[in-house]
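Asks: Provided herewith is a single structure, encoded as structure tokens, for subsequent inquiry.
The values are calculated or read from the model by the stated rules, or taken from the named source; none is laboratory data. Predicted model, so just to flag it, every value in this text is computed and none were measured. Methodologically, a virtual Cβ is constructed for each residue, glycine included, from the backbone with ideal geometry; neighbour enumeration extends over all protein chains shown. Note: areas computed on protein heavy atoms with side chains; ligands, DNA, RNA excluded. Shrake-Rupley method; radii C 1.70, N 1.55, O 1.52, S 1.80 Å.
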Amino acid sequence: MSIVCLHQSLAPLTFSVSAISFSANRRSFLGFTVRARAMASHIVGYPRMGPKRELKFALESFWDGKSSAEDLQKVAADLRASIWKQMAAAAIKYIPSNTFSYYDQVLDTTAMLGAVPPRYNWNGGEIGFDVYFSMARGNASVPAMEMTKWFDTNYHYIVPELGPDVKFSYASHKAVDEYKEAKALGIDTIPVLVGPVSYLLLSKPVKGVEKSFSLLSLIEKILPVYKEVVAELKAAGATWIQFDEPTLVKDLDAHQLQAFTHAYAGLESSLTGLNVLIETYFADVPAEAYKTLTSLKSVTAYGFDLVRGTKTLELIKGGFPSGKYLFAGVVDGRNIWANNLASSLSTLQGLEGIVGKDKVVVSTSSSLLHTAVDLVNETKLDEEIKSWLAFAAQKVVEVNALAKALSGQKDEAFFSANAAALASRKSSPRVTNEAVQKAAAALKGSDHRRATNVSARLDAQQKKLNLPILPTTTIGSFPQTADLRRVRREFKANKISEEEYVKFITREIDNVVKLQEELDIDVLVHGEPERNDMVEYFGEQLSGFAFTANGWVQSYGSRCVKPPIIYGDVSRPKPMTVFWSSLAQSLTKRPMKGMLTGPVTILNWSFVRDDQPRFETCYQIALAIKDEVEDLEKAGITVIQIDEAALREGLPLRKSEEAFYLNWAVHSFRITNVGVKDTTQIHTHMCYSNFNDIIHSIIDMDADVITIENSRSDEKLLSVFREGVKYGAGIGPGVYDIHSPRIPPTEEIADRINKMLAVLESNILWVNPDCGLKTRKYAEVKPALTNMVAAAKVIRNQLASAK
């Protein structure tokens with residue numbers, strides 16, 4: 001007998017079962033006993049990119065015209081097969097299909113429904129890569145669809161654009177094709193669809209529709225397509241189907257809840273003969289939503305996040321529909337810490353007493369998309385820290401181990417090793433730093449505001465910086481070429497000397513400075529050539545952080561991030577950016593921004609320790625960044641940007657919890673710069689999110705200048721100022737979308753600036769792209785920035801003439 005696993009390559013590797021031995025410190029998914037009978041176990045979803053980012057490289061090769069569609073499809077098929085076989089080998093009973101995506105699962109649903117915006121010139125038929133990737137990335141002639149954060153994660157989805165005139169039709173058979181693909185491998189899966197109501201609630205009205213238009217009014221128009229998909233899945237042999245309805249964890253009104261009742265009543269006849277699972281995740285399900293959900297027609301099972309949604313346990317104890325299945329999400333899909341198996345088993349046994357024996361299915365709290373792929377690939381990670389962790393492959397094993405234990409076949413060795421790892425983490429001296437804890441405790445009692453108000457500070461800064469009206473700048477990073485990445489890799493591997501490395505990076509910074517001077521940009525950046533990632537770069541220089549070699553997590557499309565692991569108290573042993581920022585400033589007379597990542601973003605883009613409240617960890621990071629800000633100021637840097645790109649995404653999904661989060665998040669930012677002089681200009685930057693509902697918290701951050709994503713979301717940000725919010729600090733709503741290869745013409749950018757001037761004063765407006773330029777090529781960046789500066793000058797001249 002043999003088992004199949006996904007390891008170093010896409011090709012499945014075969015191991016003899018007799019050769020398997022469990023190691024407490026290296027908990028790969030091979031540490032289970034293979035049994036013929038699958039236990040009551042379920043995985044909500046699985047990472048798509050592959051253990052070594054195989055899909056990323058295949059996508060980018062295809063986009064660059066270096067490989068064919070068939071090459072891309074082959075890599076994708078190999079990845080899917082490996083994942084399904086891995087779960088089958090781990091005796092998972094309910095294995096998901098259609099959770100794979102070439103870009104995004106919501107975009108896949110848009111394709112399934114044929115809801116293609118007219119600008120992409122789709123003429124019907126099965127949607128192919130051309131139309132699909134144009135919607136995701138834009139093309140030479142039209143921009144991409146809007147992208148925004150998926151709930152409170154760092155994953156981004158493509159926002160559907162819907163209106164009363166959209167003609168829905170079944171235009172992508174992906175769900176059925178992938179079900180059949182798995183079946184051909186001998187694996188029966190549970191096909192996963194984004195549920196119809198969540199799909200509509202996650203959409204936006206297309207430009208120009210009446211304000212009174214309700215997205216939920218489209219439910220009758222999309223249900224026929226869902227019925228066709230369900231009919232095909234039934235015909236192909238599916239016995240279960242999973243509808244993801246994560247919006248059920250949000251604050252929904254009675255009308256929105258009624259839409260769920262209406263939609264599933266509408267699907268009832270189509271779902272006959274199928275077992276239906278409604279899956280929720282990321283938070284508690286509110287009491288009213290729980291009542292609605294558990295009353296839905298034709299539903300066999302309910303999936304709940306019992307890691308972030310512990311209050312849902314109380315609702316289940318208060319009443320659960322007789323004879324239904326509970327898919328209990330006790331294994332964390334959002335973090336990388338080993339599960340407390342004994343505690344989870346106790347929870348599961350308690351639930352069995354409520355919902356009935358054989359009615360509890362052990363599951364993950366959400367899709368494992370949000371965690372790293374496989375700990376087996378971390379050969380250089382500290383062994384003690386490694387013993388505390390579980391990546392996606394290990395979480396599959398944990399689900400299986402809990403399901404076995406629940407059915408009376410507990411693997412005592414596995415549970416003992418888990419308990420030993422948890423005890424080691426709790427008692428390890430490397431986790432605690434008393435000096436840091438004291439410094440963080442001393443923060444209480446002050447709200448850390450700068451002494452002078454922002455308008456007085458801006459006056460003082462203008463006297464020093466002498467900037468033109470509508471000053472131009474960029475957000476921080478410049479393109480990272482293959483050469484640059486190679487040099488960083490070689491330096492890390494000790495293949496080149498520090499002297500050679502510094503020489504190369506200095507030359508790179510010099511080129512970026514010269515380019516910005518040639519383009520006549522007003523406030524410069526050094527381009528960040530020394531940085532791999534805006535969080536990892538800082539984490540590598542802070543204590544309390546650990547790093548992986550292959551702990552990649554998808555952010556959007558082919559873009560992956562490698563979140564650091566915060567395992568202990570955080571401090572800054574020495575300056576992190578002063579050397580490079582000072583060097584860059586010495587190359588120009590123009591102001592050079594010092595570039596830092598803010599504490600909330602470092603927190604939200606890391607895998608965070610779960611043994612203390614998140615805000616305590618955030619305050620520790622804030623103190624470390626404060627030290628760096630003050631050292632940059634001492635070194636003569638007069639403009640310092642502290643990015644808080646991820647502040648919005650940490651916002652809890654429920655209104656009742658928002659104020660507490662925003663209070664400590666905004667406070668953490670203010671801690672970083674409370675000690676600087678009035679003449680030092682503090683910038684911050686935020687990207688892809690809906691900001692309008694937190695604009696007052698953004699004002700409360702008290703930054704001197706904020707640059708913010710704006711262009712891809714149809715300038716939604718500007719509406720908040722149209723509605724009368726007064727903003728007195730400097731502000732730079734992005735004038736073009738850097739996530740698309742498209743080069744915006746000068747006239748288009750000038751038009752955007754004019755729209756901004758209709759709601760913002762010219763003396764506070766900055767002109768900048770939406771985000772950093774790291775992922776673009778110089779062939780795109782140079783003309784785009786040329787046009788941006790030209791547009792700023794056109795408007796300056798217009799303003800001067802008007803005077």
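Asks: Scan 694, 706, 699, 621 and give me the residue that is of a type in the set (Val, Ile, Thr), part of a helix (DSSP H, G or I), within 26 Å of residue 733 (Cα to Cα) and within 22 Å of the chain's Cα centre (by Cα).
Replies: Unique residue meeting the criteria: 694.
Asks: Consider only pairs whose beta carbons are under 6 Å apart and that are at least six residues apart or on different chains; among these, list those whose first residue lies in region 437-465 and is hydroxyl-bearing (Ser, Thr, Tyr) and whose second residue is not in a helix (DSSP H, G or I).
Replies: As it stands, the answer is 452/678; 455/728, since those pairs meet every condition given.
Asks: If you take the residues of region 747-783 that are acidic (Asp, Glu) and in a helix (DSSP H, G or I), which of them is least open to solvent (accessible area, probe 1.4 Å)?
Replies: Out of the qualifying residues, it is 780.
To keep it simple, each residue is scored yes or no on (1) of a type in the set (Gly, Ala, Ser); (2) open to solvent by 10 Å² or more (accessible area, probe 1.4 Å); (3) closer than 25 Å to residue 428 by Cα.
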| residue | (1), (2), (3) |
| --- | --- |
| 353 | yes, yes, no |
| 361 | no, no, no |
| 366 | yes, no, no |
| 372 | yes, no, yes |
| 381 | no, yes, yes |
| 392 | yes, no, yes |
| 398 | no, no, yes |
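Asks: Pull out all pairs, ordered by first then second residue, where Cβ-Cβ is under 9 Å, the residues are six or more apart or on different chains, the first lies in region 647-671 and is farther than 14 Å from residue 693 by Cα, and the second is of a type in the set (Ser, Thr, Tyr) and assigned to a helix (DSSP H, G or I).
Replies: 663/697; 664/619; 665/697; 666/697; 667/619; 668/619; 671/619
Asks: What are the residues in region 523-554 that are hydroxyl-bearing (Ser, Thr, Tyr) and either at pLDDT below 95 or part of a loop (DSSP other than H, G, I, E, B) (or both), if any?
Replies: Residues satisfying the conditions are 537, 548.
Asks: Just to be sure, is residue 440 touching an Asp or Glu at 6+ places or on another chain (Cβ under 7 Å) and at pLDDT 95 or above?
Replies: The answer is no for residue 440.
Asks: Scanning region 470-498 for residues that are loosely packed, with under 13 Cβ neighbours inside 10 Å and assigned to a loop (DSSP other than H, G, I, E, B), which turns out nearest to the chain's Cα centre (by Cα)?
Replies: It comes out as 493.
Asks: Can you name the helices (runs of 4 or more DSSP H) wholly within region 74-184 that have at least 3 residues being touching a residue at least 40 places away in the same chain (Cβ under 8 Å) and among the polar types (S, T, N, Q)?
Replies: 105-112
Asks: Would you call residue 192 crowded, with 22+ Cβ neighbours inside 10 Å, assigned to a strand (DSSP E or B) and at pLDDT 95 or above?
Replies: Spelling it out, residue 192 is indeed crowded, with 22+ Cβ neighbours inside 10 Å, assigned to a strand (DSSP E or B) and at pLDDT 95 or above.
Asks: Against the condition in contact (Cβ under 8 Å) with a residue 60 or more places away in the chain, surrounded by fewer than 19 Cβ atoms within 10 Å (Cβ to Cβ) and β-branched (Val, Ile, Thr), how does residue 786 come out, does it pass?
Replies: Answer is yes for this residue.
Asks: Have a look at 772, 724, 730 and point out the one that is farther than 28 Å from residue 484 by Cβ and under 28 Å from the mean Cα position of the chain (by Cα).
Replies: Just a single option satisfies the conditions, and that option is 730.
Asks: Looking at region 567-589, which of its residues are under 21 Å from residue 536 (Cα atoms), touching a helix residue (DSSP H, G or I) at 6+ places or on another chain (Cβ under 9 Å) and either among the charged types (D, E, K, R) or in a loop (DSSP other than H, G, I, E, B) (or both)?
Replies: Listed by number, the residues that qualify are 569, 572, 575, 576, 577.
Asks: State yes or no: is residue 649 within 21 Å of residue 250 (Cα to Cα) and touching a Pro at 6+ places or on another chain (Cβ under 8 Å)?
Replies: no
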